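The values are calculated or read from the model by the stated rules, or taken from the named source; none is laboratory data. Since this is a predicted model, take the numbers as computed values, not measurements. Quick reminder, even Gly has a Cβ in these numbers, built from the backbone with ideal geometry, and neighbours come from all protein chains shown.
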Amino acid sequence: MKGKQVIVINGSYRRGGITDQTVEEILRAVRDGGGQAETIDLLDVPLEFCTNCRSCTQKPDALPRGRCIHNDAMAGILDRVDAAEGIVLASPINFYSCTALMRRFIERLVVYAYWPWGYPRGPKDRAAGKLTKRAVLATSTACPAILARLLVPSATKAMKAAARCMGARVVDTVWLGMIANAEKQRLTEQQRKRAYQAGIRLIQ
């Protein structure tokens, strides 16, 4: 993926916190490998909530996605996602799941589904079998990372599904634990290396 574009969707509330630092290390690896990157901080983006109207899911030939009824920033973000070769989804774990910022973004990804009224099964992923992009997930938790992976695997389940909706297969997941020990905590050297390694995998 040398010279290719990577887009980050960051669902953190804390400026300069562990999630932001993790993203910085991932993108440092991307740039060191010759890639280009941009970050979308969902905290700064005006997005409406999905209304479950399913207007965007009715036309089978709407590729790569249907059209949402909302006239906000989401379509522009997804245009950049569609043009990228790599995706990073980053969010701390809050109350056993990704943040509300990330959940709001993920729910709007229904535009990538074909789900007409009367369809006998659940939504059909328009990108099924066409996972041409790579994705890395990055999350952090106050408890030890190994416990989080065992006790709250659902924390990244939605982000994995989101990556698939956007046509990406997840090649790495960065779980960072014990990140609530100080108000302005910094990544350890080991954590920095782990995030950098994920960035390398993203552009391989």
Looking at the stretch 111-118, can you tell me whether even one residue there is modelled with pLDDT of 95 or more, surrounded by 17 or more Cβ atoms within 10 Å (Cβ to Cβ) and under 12 Å from the mean Cα position of the chain (by Cα)? no
Are there any helices (runs of 4 or more DSSP H) wholly within the stretch 5-108 with 2 or more residues that are more than 24 Å from Lys193 (Cβ to Cβ), and if so which? 74-83, 100-107
Before we move on, is Arg186 surrounded by fewer than 18 Cβ atoms within 10 Å (Cβ to Cβ) and not in a loop (DSSP other than H, G, I, E, B)? no
Report yes if some residue within the stretch 150-158 is surrounded by fewer than 19 Cβ atoms within 10 Å (Cβ to Cβ), in a loop (DSSP other than H, G, I, E, B) and free of Cβ contacts under 8 Å to residues at least 60 places away in the same chain; otherwise report no. yes
Candidates Glu48, Glu85 - the one that is touching a strand residue (DSSP E or B) at 6+ places or on another chain (Cβ under 8 Å) and of a type in the set (Asp, Glu): Glu85
Going by what's in this entry, would Trp175 be described as over 16 Å from Ala84 (Cβ atoms) and assigned to a strand (DSSP E or B)? yes
Within the stretch 36-43, is there a residue that is surrounded by 21 or more Cβ atoms within 10 Å (Cβ to Cβ) and out of contact with any Phe, Trp or Tyr (no Cβ under 7 Å at 6 or more places or on another chain)? yes
